[in-house]
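*Asks:* Can you read through this structure? Questions will come right after.
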Amino acid sequence: MHHPLEGKAVLVTGATGFIGAHLVSRLQTIPNARLILLSRSPCDAEKRKQGWIQGALNTLTPHTWQEERIDRIDVVFHLGAFTPKSGETANRIDAIFRDNIEGTRALLESLPSAPEKIVFASTLDVYAMPTGDEKLTEASPIAPPSLYGASKLFCESLVTAWARAQGAQTAILRYGHIFGPGEEAYRKLIPQTIRQLLRNESPTLYGDGSALRDFLYVEDAVEATVRAVSLEAAEVPPINIVRGASASILTIVEILMRATGFQGDIRFLADKHSGVSLRFDNTRLTALLGQWPLTTLEQGLLREVAYFQ
């Protein structure tokens, strides 16, 4: 069957990032897709032959593409951004403004012509934190708790307005809690716990570990991202990229303990609040992007442990 990206010039920004690297691997399996891979990280001569370009988003100009003899880009996967590696960096004014806002504007204004479609990587951080047991949907209240979330929300509007003026299609994907091999740079629950267990240290949980999290394996996030290209609407409404099923933090840690063979005990901090539970609805995702067999939480965690080992 003909893939919608066959024969297309496809730009991926943030090509060496966590999700970006997995997306690139997937795109490289599509016949005759011409990949243009942008990353801030250095690329060697061999990578340049494969379409890699080193550069920061906010430095992009039309000359960037002219120098690489790129006269058209059909599809843009815009994943490049400053993404906080921990909660402490979610309000980094300089990096967020430079990479997310200035970078997105520079990218759009630099393109050699209007692409057919832009798939923009946004975040669930655009929503207000839930106050009860309600599931978050695309209709949930918008109130970013951090500058990072606010920048992504602004860029959703920026990309949509620019594409509307240029006659390009858009798809806004709000990524949830994505996990899997390659997230070791993040100070998040899963990579932090794996590091502790591999050092034979007891994992530490706030309260009783009953808070819920909705984790989606990175390859499933990539599947959703690629499928978004096939949507024919001029402006696809924002889609939450989530599993739609939550597990407790305690359950996740217990799976990791078994996977690493850790024989010790969990250290519970009873004087700390367990945290807010997060539940998400994936009705729009399945309605627009279809269904496929998702990697189970345990399968994904086993793969990530093997990656760390």
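The values are calculated or read from the model by the stated rules, or taken from the named source; none is laboratory data. Keep in mind that what you see is a predicted model, and the values were worked out from it rather than measured. Every residue, glycine among them, receives a Cβ derived from its backbone with ideal geometry; neighbour counts consider all protein chains shown. Each accessible area value is taken on the protein alone, full model and side chains, heavy atoms only, with ligands, DNA and RNA left out. Shrake-Rupley method; radii C 1.70, N 1.55, O 1.52, S 1.80 Å.
*Asks:* Given a 1.4 Å probe and the protein chains all in place, what does the accessible area of Lys117 round to, in Å² to the nearest 10?
*Replies:* Result for Lys117: roughly 10 Å² accessible.
*Asks:* Could you check which residue among Val218, Val76, Val276 shows the biggest mean-square fluctuation in a GNM of the chain with a 10 Å Cα cutoff?
*Replies:* Val276
*Asks:* Could I ask something else about it? State the antiparallel share, in %, of DSSP beta bridges confined to region 1-158, rounding to the nearest 5.
*Replies:* 5 percent
*Asks:* Looking at region 245-295 from every direction and averaging, what is the projected area of its Cα convex hull in nm²?
*Replies:* That works out to 5.2 nm², a quarter of the Cα hull's surface.
*Asks:* With a point put 7 Å past each Cα toward its Cβ, work out how far Arg69 is from Ala245 in nm, to one decimal.
*Replies:* Going from the Arg69 label point to the Ala245 one covers 5.1 nm.
*Asks:* Most fluctuating residue of Leu37, Leu269, Leu136 in a GNM of the chain with Cα springs under 10 Å: which is it?
*Replies:* Leu269
*Asks:* Output needed for region 168-225: three equivalent-ellipsoid semi-axes, defined as square roots of 5 times the C-alpha gyration tensor eigenvalues, in descending order, whole Å.
*Replies:* Working through the eigenvalues yields semi-axes of 29, 14, 8 Å.
*Asks:* While we're here: May I ask you to rank Arg98, Arg243 by accessible area, largest first, using a 1.4 Å probe over the protein chains only?
*Replies:* Arg98, Arg243
*Asks:* Kindly write out, for region 130-143 in residue order, the coupling ³J(HN,Hα) from the Karplus curve 6.51 cos²θ - 1.76 cosθ + 1.60 (θ = phi - 60°), rounded to whole Hz, with x marking Gly and Pro.
*Replies:* Result, ordered by residue: x, 9, x, 9, 5, 7, 7, 10, 5, 9, 5, x, 9, 6 Hz.
*Asks:* Shifting gears a bit: Which pairs in the list Lys152/Lys272; Lys85/Lys152; Lys8/Lys85 are over 21 Å apart, alpha-carbon to alpha-carbon?
*Replies:* Pairs exceeding 21 Å: Lys152/Lys272; Lys8/Lys85.
*Asks:* If each residue of separation counts as 0.36 nm, what is the full-extension length gain between Glu184 and Glu232 once their alpha-carbon separation is subtracted?
*Replies:* So the chain would gain 13.7 nm between Glu184 and Glu232.
*Asks:* DSSP loop GluC sites (Glu not before Pro) in region 223-258 with at most 15 other Cβ atoms within 10 Å of their Cβ, which ones?
*Replies:* Glu232
*Asks:* Compute the signed sum of charges (Lys and Arg +1, Asp and Glu -1) over the other residues within less than 14 Å, Cβ to Cβ, of Ser140.
*Replies:* That works out to -2.
*Asks:* While we're here: By DSSP, what percent of the beta bridges with both residues in the chain are antiparallel, rounded to the nearest 5?
*Replies:* So the antiparallel bridges in the chain amount to around 10 percent.
*Asks:* In region 4-99, what is the volume of the convex hull around the alpha carbon atoms, normalised per residue and reported in Å³?
*Replies:* Taking the convex hull of the Cα positions in region 4-99, it is 109 Å³ per residue.
*Asks:* Taking the alpha-carbon centroid of each part, what is the distance from region 146-209 to region 253-308 in angstrom?
*Replies:* So the separation of the two Cα centres works out to 15 Å.
*Asks:* Which translational diffusion coefficient, to the nearest whole µm²/s, is obtained for region 50-203 from the Stokes-Einstein equation, given a Kirkwood hydrodynamic radius over C-alpha pairs, 4 °C and 1.567 mPa s?
*Replies:* 74 µm²/s
*Asks:* If you build the Cα gyration tensor of the chain and take the root of 5 times each eigenvalue, what three semi-axes come out, in whole angstrom, biggest first?
*Replies:* 34, 21, 19
*Asks:* If Rh is defined by the Kirkwood formula over all Cα pairs and Rg also comes from Cα, what ratio Rg/Rh do you get for region 147-190?
*Replies:* Reported Rg/Rh, Kirkwood definition of Rh: 1.14.
*Asks:* Pull up all non-local amide H partners of Gln169: gap of 5 or more, or a different chain, and H-to-H distance under 5 Å with H placed in the peptide plane.
*Replies:* Correct list: Lys117, Ile118.
*Asks:* With the radius of gyration and the Kirkwood radius both derived from the Cα set of region 120-196, what is their ratio Rg to Rh?
*Replies:* For region 120-196, the value is 1.06.
*Asks:* Which distance in nm do the two modelled labels at Ala95 and His273 give, with both placed 7 Å along the Cα-to-Cβ direction?
*Replies:* 2.7 nm
*Asks:* Right, here's the next one. So what is the accessible area of the chain per residue, in Å², with the probe set to 1.4 Å?
*Replies:* About 46 Å² of surface per residue is accessible.
*Asks:* Heavy-atom accessible area of His63 with all protein chains present, probe 1.4 Å, nearest 10 Å²?
*Replies:* 110 Å²
*Asks:* Rg(Cα) of region 128-243 divided by 2.2 N^0.38 Å?
*Replies:* Region 128-243 yields a ratio of 1.30.
*Asks:* Under 5 Å between amide hydrogens, which residues at least 5 positions from Arg174 or on another chain qualify, with H placed 1.01 Å from N in the peptide plane?
*Replies:* Ser122, Ile239, Asn240, Ile241
*Asks:* Right, something else. Hey, got a sec? Which trypsin sites (Lys or Arg not before Pro) in region 139-217 land in a DSSP loop and have at most 12 other Cβ atoms within 10 Å?
*Replies:* Arg199
*Asks:* Starting from the Cα gyration tensor of region 267-309, take the square roots of the eigenvalues, sort them a ≥ b ≥ c, and report rounded, prolate or oblate (rounded when a/c is under 1.5, otherwise prolate if a/b is larger than b/c, else oblate).
*Replies:* Taking the square roots of the gyration eigenvalues as a ≥ b ≥ c, region 267-309 is oblate.
*Asks:* Pop the C-beta distance of Ile142 and Leu198 into the FRET formula with R0 = 45 Å and round what comes out to the nearest 0.05.
*Replies:* Step by step, r from the Cβ atoms, then E = 0.70.
*Asks:* Between region 221-251 and region 103-132, what is the C-alpha centre distance in whole Å?
*Replies:* What the calculation gives is 15 Å, centre to centre.
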